[in-house]
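The values are calculated or read from the model by the stated rules, or taken from the named source; none is laboratory data. None of the values given here were measured: they were computed from a predicted structure. Please note: Cβ atoms are built from the backbone with ideal geometry, for glycine as well, and neighbour counts cover all protein chains shown. The protein model used for the area step is the full one, side chains on, heavy atoms only, and it has no ligands, DNA or RNA in it. Shrake-Rupley method; radii C 1.70, N 1.55, O 1.52, S 1.80 Å.
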Amino acid sequence: MVETQIVARGISDKKVIDAMLKIPREKFIEKKFYSQAYNDHPLPISEGQTISQPFIVALMTELLNLTGDEKVLEIGTGSGYQTAILAEITKEVYSVERHSTLFNKAKKILDEFGYKNIFLFNLDGTEGLKEYSPFDRIIVTAASDKIPKPLVEQLKESGRLLIPIGDRFSQELLVADKINGKLEIKNYGGVTFVPLIGKYGVTE
Ligand code: SAH
């Protein structure tokens, strides 16, 4: 998977490649999908949600431009796969999931792996995590029609935020850098994510 779907498509950050080689993706999905664990597409988890396509996980992680010292906020823990990849690379990962079933499942598997630098929360992530802010990086793995204000406020100066923005059916991956208190935004093209449902996201 890493060679044909990740490296062949231009992912070159060694930290990202090593983390993806290390983490067994099948541990984060349901047994009935085991044979598809390394395929080039998203897979259903539960609650109508999905674990992202491996390439998208790699691309978003690379775009976070991590050196290893950063405090990262992830919105949309889902299966916990992206969370584990981030925890391999950086100092601390704070990850928020709104569905309690997914939160509990992810917590169980990430505890089994023994990560000490992952902090999970069962909350509406569009409000961010004010008490742990500011964050060096914020990655949102669900799609909204706007960037939630609290996330902008909780992003450190010179920090970077990644979020898919669009409607229910198609979105564009935005990379926003906070420079002199303002966001400078680049568009990395079309992606498809499940909706970011919450106070500062979209409605159900
Ligand atoms: N990175 C995950 C992607 C999961 S899909 C993975 O690879 O497994 C996106 C997740 O975002 C879903 O689990 C969904 O329940 C969650 N989500 C949607 N809106 C949210 C919100 N406001 N706060 C926290 N999580 C949210």
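The slack in the chain from residue 21 to residue 188, taken as 0.36 nm per residue of separation less the alpha-carbon distance, amounts to 57.7 nm. The label-point distance for residue 122 and residue 91, in a model that sets each label 7 Å from Cα toward Cβ, rounds to 3.0 nm.
Taken along its principal axes, the alpha carbon cloud of the chain reaches lengths of 46, 36, 35 Å, longest axis first. Multiplying the residue separation of residue 172 and residue 113 by 0.36 nm and subtracting their alpha-carbon distance yields 18.0 nm. Only protein atoms count toward the accessible area here, which uses a 1.4 Å probe; on the stretch 2-191, the carbon and sulfur part of that area reaches 51 percent. DSSP beta bridges fully contained in the chain are about 45 percent antiparallel.
Solvent exposure of the chain, expressed per residue, is 47 Å² of accessible area, with all protein chains present and a 1.4 angstrom probe. Shape class of the stretch 144-203 from the Cα gyration tensor (axes a ≥ b ≥ c, square roots of the eigenvalues): oblate, since a/c reaches 1.5 or more and a/b does not exceed b/c.
Just so you know, the Rg over Rh for the stretch 44-102 is 0.97, from Cα atoms, with Rh as the Kirkwood radius. If you take the Cα centroid of the stretch 30-72 and the Cα centroid of the stretch 150-177, the two points sit 18 Å apart. The sum of -39500 (n - 2.57) across all DSSP H runs of n ≥ 4, divided by the residue count of the chain, sets its helix-only mean residue ellipticity at 222 nm to -6500 deg cm²/dmol. From the P(r) of the stretch 121-173, could you give the percentage of C-alpha pairs in the tail past 13 Å? The proportion of pairs with Cα distances above 13 Å equals 57 percent. If I ignore ligands, DNA and RNA and count only protein heavy atoms, how much of residue 199 is accessible to a 1.4 Å probe, in Å² to the nearest 10? Number for this one is 140 Å².
Between residue 149 and residue 33, the FRET efficiency from the beta-carbon distance, with R0 = 45 Å, is close to 0.80.
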